[in-house]
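Visitor: Encoded as structure tokens, here's the structure I'll be asking about.
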Amino acid sequence: MRAIAQERRRRFGYRRLHILLKLPLKREGYVVNHKKLFRLYREERLAVRRRGGRKRAIGTRAPTTVPMAPNDRWSLDFVSDQLTDGRRFRILTVVDDCTRECLALVADTSLSGARVARELDRLVMERSKPKMVVSDNGSAFTSNAILTWADQSRVPWHYIAPGKRMQNAFIESFNGRLRDELLNETLFTSLAQARVTLGCWRADYNDARPHSQLGWKTPSEFAFTCHPRRDLALRYAEGSAPAPVALTAQPGKSNDRGALRTG
């Protein structure tokens, strides 16, 4: 039992070992019930160590605020794809939630937390620090490298609730556009080709593609002329929602046009 539990079946518990040893022992004339096997199992200290659940970083769980200016909040996520030879690669996507600019598209076969931290350092040198970073609870974003970066950079890192992808809606919407407009339409033969293609698409997305939520401006144009108070109203000036039938009356005041008049 010790040989089987320690060498070949290290993740087997005593119940499974009992089923495995029951027939061989019976052929040799031994009858061992599960209670006796459990006692021997504990005496030999063969208990299987339970693997704990994946550790999740301790981040804020409060609702995120609406970004009002560039660098108010960055969103991060990963997108997966494969080359024509079947090799998988990942793409780190970074988006400014206010201007909707794509700040980075980093493609590689492996993207660790340390690599993500280096890319963030590069973006900080180009654009200055964000006021907040939002991501899911992926292993790269909850690694010690990212926790150290957030602590040293003094940038609050907000983790969305597990399974609630819509709490990171800006990056999810961007990932949908990236997959629909580029990844599903292009066959990549090499990682170098993927990087060049992603760079060209990112430049087109930022500088040439009009964005419906920015008054049909490009993200770069919107960022260049961004005025927080004015642009918040302009974003919804041309929305598809119908105009209200009547104005909402202020507390303590009546709407004269909507009030009934008695003779």
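The values are calculated or read from the model by the stated rules, or taken from the named source; none is laboratory data. What you are looking at is a predicted structure, and each value in this text was computed from that prediction instead of being measured. Please note: Cβ atoms are built from the backbone with ideal geometry, for glycine as well, and neighbour counts cover all protein chains shown. SASA here: full protein model, heavy atoms, side chains in, ligands and nucleic acids out. Shrake-Rupley method; radii C 1.70, N 1.55, O 1.52, S 1.80 Å.
Visitor: Tell me whether segment 198-210 contains one or more residues that are more than 29 Å from Asp85 (Cβ to Cβ) and in contact with a Phe, Trp or Tyr (Cβ under 7 Å, 6 or more places away or on another chain).
Guide: Within segment 198-210, one or more residues are more than 29 Å from Asp85 (Cβ to Cβ) and in contact with a Phe, Trp or Tyr (Cβ under 7 Å, 6 or more places away or on another chain).
Visitor: If I ask for residues that are in a helix (DSSP H, G or I) and open to solvent by 40 Å² or more (accessible area, probe 1.4 Å), which ones from segment 183-198 would you list?
Guide: If the condition is that a residue be in a helix (DSSP H, G or I) and open to solvent by 40 Å² or more (accessible area, probe 1.4 Å), then Asn184, Glu185, Ala192, Gln193, Arg195, Val196 are the ones that fit.
Visitor: For the structure I just gave you, tell me whether Ser135 is out of contact with any Gly (no Cβ under 8 Å at 6 or more places or on another chain) and over 20 Å from Ser80 (Cα atoms).
Guide: Spelling it out, it is not the case that Ser135 is out of contact with any Gly (no Cβ under 8 Å at 6 or more places or on another chain) and over 20 Å from Ser80 (Cα atoms).
Visitor: Being of a type in the set (Ser, Thr, Tyr) and modelled with pLDDT of 95 or more: is that true of Ser143 here?
Guide: no
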